[in-house]
Amino acid sequence: MAETILSNDSTPETDLPPVPARKGLLPRLGSIILQQREASILVVAIVEVIYFQFASSNFITGNNIRTIFEFVSATAIIAAGEVMLLICGEIDLSVGQVFALAPFIMYFVNQAGLPLWVGIIAGLLASAVVGLFNGIVTVWFKIPSLISTLGTQFLLTGITLTISQGFPVITPGKGNFNEVMGHGAYSEIVWAVLVMIVVQVILSFTRWGKHTVATGGNLHGASEAGVNVNRIKMGNFMLASTLAGLAGTLEAFRITSIDPLAGGVSIMFSAVAGAVIGGTALTGGLGTVVGAFLGVLAVSILNDGFTLLGVSAFTYNIILGVAILIAMILNVRLRIWREAGRL
Amino acid sequence: MTEITSPVERPDAIRTEHIVKRYGAVMALHDVSIRLRKGEVLGLVGDNGAGKSTLIKILTGFVQPNSGEIYVNGEEVKLRSVSHARSLGIETVYQDLALVSELSVYHNMFLNREIRYSPLPFLNNRKMREQARNHLKRMGVSIPSADVEVAKLSGGQRQAIAIARAVYTDAKILLLDEPLAAMGAKEGALILDLIRNLKAMGEVSMIMIAHNYSQVLEICDRVNLLQHGTIAFDKPAAETSLDELNELVMREYREAATKTPTKS
């Protein structure tokens, strides 16, 4: 199962076109790893863990692992939706603002006397509506999503600040419900893993997933074959937005307060960076949810490890920037090599 | 069965009568009547700008003619759209442009016709892979595996898969727009074999646009030459020759040269 999920097309190595015999064992091993790009990012994450454990003895401790999970969870949930959008050839820059808006909707619905779970659903529905709005502006008005969601991003910041009047509020509710919804020690990472599995299954094993790849891989060809590419794009905008709302809601329960300025562009860029480092092509057609999860994990470990070692945030940003650039260059090269049949 | 062995006696798959198409002041087609008989391969040749692609666009429902009639299986139709033409079994294969490089061969073959474990939403990859494999085998298309991504295949293999997919979707009339363009001899032979196999199966009729006259003569039953928006020449391939086709095209050049001697 794990293996079929990892490789987007569930291709056993033996079924690949025969590797030219002149290649030695090592290059062949190398090309297998390069074909499974999730594997290469996993190797990076493991190397990071080993390095930081040697450099700082308290890296692998219960507390620190929880800290890493806190870094990872919300971003990975957002990244899962963002990957689907990137694969179908679009991007959503407004997910960080949906992240802040959804828990406020939940809060106000709850304040109006409705149960908390109704509030959560209302928050997620509102997120989905934002996604639909992004989709309509992008698809019907043919505005590149880079621009349309940039607009939405400012719009939502304003809306959230207006309805909250700029002040944070205390997350309502208590007890087991809150524990499950993100307050419990490992509840958020469990959510993140569940989301990863569900979205990866959608991508790998359903029509929706294949049509998402087709839309991003060959927009014209896909619509020629009768794929409703506009519906695919709108649906993925709604999915990305709803997952961002879910991430924001879980985070509100975890930190027990709802901040109108939570999330923002920084969590959005972390999610996109994780997706790209995990092998998603910004040009569409390529990418996996598992890869994005591992990408976010690798970035989070780096962030956490540097904090433990006392490396300055300035240096961390330099390294993150270089990592993203290298990942993107590799991405493009790998795509060219794969298409030229050299891998 | 014996009386339809001669291609001349076969019923028409598609026929056009006096098709006219103007783009503003430009007369793209001024009187085009063609007949494609069932199971036949019709080679459509002609210089760039002769109107080949306009004719294909009309037959595929993408462009509507100003006047003239189109008959599909003997019935007059107005081809309203690409999907309308497709519902009548007319399918165009534009090189390999319709394939998704990132998807496997069988996912491409089943794009938008995926088989699922209904009522579950999950794809029945095993069944699709098996059917795609059998279909490709039946058509004589050889690829390393139905599992490979299309990106990993050669241009000829992709073209073969694009054609195979069109046939698999119950297309009865295939319009092949330069299926051999930009292909090496080996790759081209692959496609010619595929077209030959399809012809032998007799389920589809094909119109093939090509520039290479020797390939046209090799594979087609009839040759139509389109010049200045009309069919200048219509003969069975067996009754014409490379020399005749070249001569016809060269004569046109000479005429054009005498009319506008300064044209570069």
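Averaging sequence separations of C-alpha pairs under 8 Å and six or more residues apart, then dividing by the length of the stretch A:42-183, give the relative contact order as a whole percent. Numbers along the way, then the final one.
Numbers: 91 pairs, mean separation 30.4, N = 142.
For the stretch A:42-183, the relative contact order is 21 percent.
Shape descriptor for the stretch B:198-248: Rg over Rh equals 0.98 (Cα atoms; Rh from the Kirkwood inverse mean 1/r). Here is the size of chain B from its Cα atoms: Rg then Dmax, 19.6, 70 Å.
Our helix-only sum for chain A, with -39,500 (n - 2.57) per DSSP H run of n ≥ 4 divided by its residues, gives a mean residue ellipticity at 222 nm of -24500 deg cm²/dmol. Scaling against 2.2 N^0.38 Å puts the C-alpha radius of gyration of the stretch A:87-216 at 1.20.
How high is the relative contact order of chain A, in percent, counting Cα pairs under 8 Å that sit 6 or more residues apart?
Details: 547 pairs, mean separation 105.8, N = 343.
This gives 31 percent for chain A.
Using R₀ = 56 Å, calculate the FRET efficiency as 1/(1 + (r/R₀)^6) where r is the Cβ-Cβ separation of B:Asn73 and A:Asn58; round to 0.05. Could you put the intermediate results ahead of the total?
On the way: r = 79 Å, r/R0 = 1.41.
Calculated transfer efficiency: 0.10.
Hydrodynamic radius of the stretch A:209-290 by the Kirkwood approach over all distinct alpha-carbon pairs: 14.5 Å. Placing pseudo-labels 7 Å out from each Cα toward the beta carbon at A:Phe314 and A:Phe141 gives an inter-label distance of 4.2 nm.
The coefficient of translational diffusion for the stretch B:96-157, derived via Stokes-Einstein from the alpha carbon Kirkwood radius under 25 °C and 0.890 mPa s, stands at 203 µm²/s.
What's the longest piece of chain B with no exposed trypsin sites (Lys or Arg not before Pro), counting a site as exposed if DSSP puts it in a loop and it has at most 16 other beta carbons within 10 Å?
Numbers: sites that count: B:Lys78, B:Arg80, B:Arg113, B:Lys263.
My reading of the result: B:114-262 is the longest stretch.
Viscosity 0.692 mPa s, temperature 37 °C: what is the translational diffusion coefficient of the stretch B:150-264 from Stokes-Einstein with a Kirkwood Rh over Cα pairs, rounded to a whole number of µm²/s?
Values: Rh = 15.9 Å.
The estimated diffusion coefficient comes to 206 µm²/s.
Inter-label distance, B:Ser214 to B:Arg196: 1.5 nm, where each label sits 7 Å from its Cα along the C-beta direction.
Roughly what % of DSSP beta bridges within the stretch B:96-236 run antiparallel, to the nearest 5? Of the beta bridges lying entirely in the stretch B:96-236, close to 60 percent run antiparallel. Applying the criteria of a DSSP loop state and at most 10 other Cβ atoms within 10 Å to the chymotrypsin sites (Phe, Trp or Tyr not before Pro) of the stretch A:116-199 yields A:Trp140, A:Phe141. Divide the volume of the convex hull around the Cα atoms of the protein assembly as shown by the residue count and you get 212 Å³ per residue. Hey, what angle do you get for helix A:95-111 against the long axis of chain A, alpha-carbon based, 0 to 90 degrees rounded to 10? Approximately 30 degrees, to the nearest ten. Under a 5 Å amide H cut-off, with hydrogens placed 1.01 Å from N, B:Ile14 pairs with B:Leu36, B:Asn73 among residues at least 5 apart or on other chains. Relative to the longest principal axis of the Cα atoms of chain B, the long axis of helix B:185-201 lies at roughly 80 degrees.
Where does chain B land at 222 nm, in deg cm²/dmol rounded to the nearest 500, when only DSSP H runs of n ≥ 4 count, each adding -39500 (n - 2.57), divided by all residues? Working shown, then result.
On the way: 8 runs with 89 residues, N = 264.
Calculated at 222 nm, the ellipticity per residue is -10000 deg cm²/dmol.
Over the Cα atoms of the stretch A:93-169, Rg to Rh with Kirkwood Rh, two decimal places? Don't jump to the answer; show the numbers that get you there.
Numbers: Rg = 13.3 Å, Rh = 12.9 Å.
In the stretch A:93-169, Rg relative to Rh is 1.03.
Look at the alpha carbon pairs under 8 Å that are at least 6 residues apart: their mean separation over the length of the stretch A:161-261 gives a relative contact order of 49 percent. Of all lysines in the structure, those lying under 28 Å Cα to Cα from B:Lys52, and not within fewer than 8 positions of it along the same chain, are B:Lys21, B:Lys38, B:Lys78, B:Lys172, B:Lys186, B:Lys199, B:Lys235, B:Lys259, B:Lys263.
Helix A:116-139 and the long axis of chain A differ in direction by around 60°, with both axes built from C-alpha atoms. Based on a Kirkwood Rh over C-alpha pairs, give the Stokes-Einstein translational diffusion coefficient of the stretch B:32-175 at 4 °C and viscosity 1.567 mPa s in µm²/s. Taking Rh from Cα pairs, D becomes 77 µm²/s.
Suppose the Debye formula is applied to equal point scatterers at every Cα of chain A; what is log10 I(q)/I(0) at q = 0.06 Å⁻¹? Listed by q, the Debye log ratios stand at -0.22.
Any number yet on Rg/Rh for the stretch A:64-112, C-alpha, Kirkwood? Walk me through the numbers before you get to the answer.
Numbers: Rg = 14.0 Å, Rh = 12.6 Å.
Using only Cα positions, Rg/Rh for the stretch A:64-112 is 1.11.
Which loop chymotrypsin sites (Phe, Trp or Tyr not before Pro) in the stretch A:59-100, with loop taken from DSSP, have no more than 15 other Cβ atoms within 10 angstrom of their Cβ? Please report the intermediate quantities before stating the final value.
On the way: sites: A:Phe59, A:Phe69, A:Phe71, A:Phe99; in loops: A:Phe59.
Here no loop site has a sparse enough neighbourhood.
Per the Debye formula on identical point scatterers at the alpha carbon atoms of the stretch B:133-216, with no solvent, log10 I(q)/I(0) at q = 0.23 Å⁻¹ is -1.23.
Relative to the current alpha-carbon distance between B:Asn112 and B:Lys186, full extension at 0.36 nm per residue lengthens the span by 23.5 nm.
No lab work stands behind these numbers, since they all come straight from the coordinates. What you see is a predicted model; the values in this text were computed from it and never measured. Cβ sites come from the backbone with ideal geometry, for glycine too, and all protein chains shown count toward neighbours.
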